[in-house]
Amino acid sequence: MASLSHSAHRILSTARWNSSKPSSSLPISYNFFSLLRKSSSLPCCRRSNSGGTRLFSIMATAKPGNPPQQSQSRIKGAESFLRNVLASMEAVYLNRNPSAKAILELVRSVDNDKICYDHLAFRTFGTDGHGIDSLANFFLDFGYTRQEELSFPAKKLKAFWFSPPPNSDAAYDGDGVHGPLPRVFISELLVDLMSPQTQDIIRKYTGSSHKGKKHAALASALGSLTWEKPSHSEFVQLARESEYAAWSLVNGYAVNHVTISTHRLKSHLRNIKNLNEFIEENGYKLNSEGGVLKVSPDGLLLQSSTLADSVSFEFSDGITTTVPCSYIEFAERLVLPQFKHLPETEVKEQHRRDGFEVGNADKIFESTSKQQHTGKA
């Protein structure tokens, strides 16, 4: 017990030391304790009445209950852990992307209700086990189901989306990651289709991560790269050929974007066109590639997104410049034709258009592109 107490004291001392350090110009390579900064900007960080700062907590907020059988109790325990991990991913995302955090607060200020996430999205390198499966295995282990593949030949990408466990939101009445579990969208760059020089750069860094590919979800939750910092010249080389590759090199497994489920809002913002106007009126620029509003061919999936925030990144060769980080998306899923007869009060998520659309997603990818980013207001 004495050694345990000593270890706990040492860990807390380390956390306080990190929380008092000045902010680095390199927010890409956080370790866990860097999230324990003296800042009220993190949703999980609360100030005490005495003015001090409490260590943040990302515990899930399940309502207490009496599960009818032990197996159900184990499932809820596993889901609680899953939500804790998602909450840490969300905290990293919000800390790095002030525009996304501000927009969430703006929507809450009008809607005065809980915000549900439609999906979380991640980018990966499709080489040496660092692709989709490196992240997907975590979600599959906790009840997610792999759905159809999406192909993006022009961008040399492929993706899968994953549906959450059924009935997983029954005990959770919060918002964000503490509301209904979101879908997960994971894409990967088809590295073998890139130029030899680009392949060499990507494999150099993914190779330096050793077994980091087995811990992609942990890297995302910590906001840490599993490989060493790249040089600026290598970043530029990748950006010439693939913006996606350059983004992934400096952001790693960090959440690429979260998506607000607009039709689950209660105010007039539940109509995505109203929400788009509201976002622009408040000074945020939306991704205009293919039009601000992206509509699936069946007209049932409507999507839009902001442009990515910029962050300062210090490269291994000493050059410091800004690189695109993450953004926030909005999605409205309309009721399927066979359920149009249902009263609005009886419409559930399963009655709405599910899945994703290649044409929409292809344009949403452009939220981090240099062409749009340099014109950001």
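Which one of K229, K266, K204 is at pLDDT below 95 and either part of a helix (DSSP H, G or I) or not small (G, A, S) (or both)?
On the way: K229 fails: at pLDDT below 95; K204 fails: at pLDDT below 95.
Only one candidate qualifies: K266.
Is there any pair linking a residue in the stretch 193-211 that is open to solvent by less than 30 Å² (accessible area, probe 1.4 Å) and hydrophobic (A, V, I, L, M, F, W, C) to one that is at pLDDT 95 or above and not in a helix (DSSP H, G or I), with Cβ under 8 Å and at least six apart or on different chains, and which?
M194/K156; M194/S242; I201/P230; I202/F125; I202/T127; I202/L189; I202/M194
Just one of V250, V255 is within 30 Å of V295 (Cβ to Cβ), among the β-branched types (V, I, T) and in contact (Cβ under 8 Å) with a residue 12 or more places away in the chain; which is it?
V255
Output the residue which, of all residues in the stretch 309-341 that are among the aliphatic types (A, V, I, L, M) and buried (at least 22 other Cβ atoms within 10 Å of the Cβ), is farthest from I279 (Cα to Cα). Quick ask: steps written out before the conclusion?
Step one: of the stretch 309-341, the residues among the aliphatic types (A, V, I, L, M) are 311, 319, 323, 328, 331, 334-336.
Filter once more, keeping what is buried (at least 22 other Cβ atoms within 10 Å of the Cβ): 323, 328, 331.
Numbers: V323: 23, I328: 11, A331: 14 Å.
Among them, the one singled out is V323.
Among the numbered conditions (1) in contact (Cβ under 8 Å) with a residue 60 or more places away in the chain; (2) under 28 Å from V358 (Cα atoms), tell me where N167 comes up short.
(1)
If you scan the stretch 350-362, which residues turn out to be under 21 Å from the mean Cα position of the chain (by Cα) and not in a loop (DSSP other than H, G, I, E, B)?
Within the stretch 350-362, the first condition is being under 21 Å from the mean Cα position of the chain (by Cα), and the residues that meet it are 354-362.
V358, G359, N360, A361, D362 - these are the residues of the stretch 350-362 that are under 21 Å from the mean Cα position of the chain (by Cα) and not in a loop (DSSP other than H, G, I, E, B).
Return a yes/no flag: does the stretch 349-371 have any residue that is open to solvent by 30 Å² or more (accessible area, probe 1.4 Å), free of Cβ contacts under 8 Å to residues at least 24 places away in the same chain and farther than 25 Å from V107 by Cβ.
Yes, because at least one residue in the stretch 349-371 is open to solvent by 30 Å² or more (accessible area, probe 1.4 Å), free of Cβ contacts under 8 Å to residues at least 24 places away in the same chain and farther than 25 Å from V107 by Cβ.
Examine the stretch 217-231 for a residue that is open to solvent by 10 Å² or more (accessible area, probe 1.4 Å) and touching a strand residue (DSSP E or B) at 6+ places or on another chain (Cβ under 9 Å), and state whether such a residue exists.
yes
Any residue at all in the stretch 288-308 that is assigned to a strand (DSSP E or B), closer than 22 Å to E90 by Cβ, touching a residue at least 24 places away in the same chain (Cβ under 8 Å) and in contact with a Pro (Cβ under 7 Å, 6 or more places away or on another chain)? I'd like the intermediate steps shown before the answer.
So in the stretch 288-308, the residues assigned to a strand (DSSP E or B) come out as 294-295, 301-306.
The next check asks that each one be closer than 22 Å to E90 by Cβ; those that pass are 303-306.
Subset that is touching a residue at least 24 places away in the same chain (Cβ under 8 Å): 303-306.
Filter once more, so that each one left must be in contact with a Pro (Cβ under 7 Å, 6 or more places away or on another chain): none.
The answer is no, given that none of the residues of the stretch 288-308 is assigned to a strand (DSSP E or B), closer than 22 Å to E90 by Cβ, touching a residue at least 24 places away in the same chain (Cβ under 8 Å) and in contact with a Pro (Cβ under 7 Å, 6 or more places away or on another chain).
If you take the residues in the stretch 327-377 that are of a type in the set (G, A, S) and modelled with pLDDT under 95, which one is nearest to K266 (Cα to Cα)?
Going through the stretch 327-377, the residues of a type in the set (G, A, S) turn out to be 331, 355, 359, 361, 367, 369, 375, 377.
If we keep only those that are modelled with pLDDT under 95 as well, we get 369, 375, 377.
Details: S369: 33, G375: 33, A377: 29 Å.
If we take residues in the stretch 327-377 being of a type in the set (G, A, S) and modelled with pLDDT under 95, then A377 is nearest to K266 (Cα to Cα).
Condition (residue is of a type in the set (A, V, I, L, M, F, W, C), touching a strand residue (DSSP E or B) at 6+ places or on another chain (Cβ under 8 Å) and under 27 Å from E90 (Cβ atoms)) applied to the stretch 350-359: is it met by at least one residue? Write out each step before concluding.
Filtering the stretch 350-359 for residues of a type in the set (A, V, I, L, M, F, W, C) gives 356, 358.
Then drop every residue that is not touching a strand residue (DSSP E or B) at 6+ places or on another chain (Cβ under 8 Å), which leaves 356, 358.
Keeping just the survivors that are under 27 Å from E90 (Cβ atoms) gives 356, 358.
So far as the stretch 350-359 goes, yes, one or more of its residues are of a type in the set (A, V, I, L, M, F, W, C), touching a strand residue (DSSP E or B) at 6+ places or on another chain (Cβ under 8 Å) and under 27 Å from E90 (Cβ atoms).
Within the stretch 114-172, track down each residue that is open to solvent by 10 Å² or more (accessible area, probe 1.4 Å), under 16 Å from R83 (Cα atoms) and in a strand (DSSP E or B).
Residues satisfying the conditions are C116, S163.
State the number of residues belonging to the stretch 258-288 that are touching a strand residue (DSSP E or B) at 6+ places or on another chain (Cβ under 8 Å), within 30 Å of L193 (Cβ to Cβ) and surrounded by fewer than 24 Cβ atoms within 10 Å (Cβ to Cβ).
Within the stretch 258-288, residues that are touching a strand residue (DSSP E or B) at 6+ places or on another chain (Cβ under 8 Å), within 30 Å of L193 (Cβ to Cβ) and surrounded by fewer than 24 Cβ atoms within 10 Å (Cβ to Cβ) number 1.
Can you say whether R240 is touching a helix residue (DSSP H, G or I) at 6+ places or on another chain (Cβ under 8 Å) and either open to solvent by 20 Å² or more (accessible area, probe 1.4 Å) or assigned to a loop (DSSP other than H, G, I, E, B) (or both), as far as the supplied structure shows?
Numbers: touching a helix residue (DSSP H, G or I) at 6+ places or on another chain (Cβ under 8 Å): no; either open to solvent by 20 Å² or more (accessible area, probe 1.4 Å) or assigned to a loop (DSSP other than H, G, I, E, B) (or both): yes.
Answer is no for this residue.
Where residues in the stretch 287-342 are over 21 Å from S242 (Cα atoms) and among the polar types (S, T, N, Q), which of them is farthest from the chain's Cα centre (by Cα)?
Per the criteria, the residue is Q338.
The values are calculated or read from the model by the stated rules, or taken from the named source; none is laboratory data. Computed from a predicted structure; not experimentally measured. Note that each Cβ is placed from the backbone with ideal geometry, even for glycine, and that neighbours are counted across all protein chains shown. When the accessible area is computed, the model is the full protein with side chains, heavy atoms only, and any ligands, DNA or RNA have been set aside. Shrake-Rupley method; radii C 1.70, N 1.55, O 1.52, S 1.80 Å.
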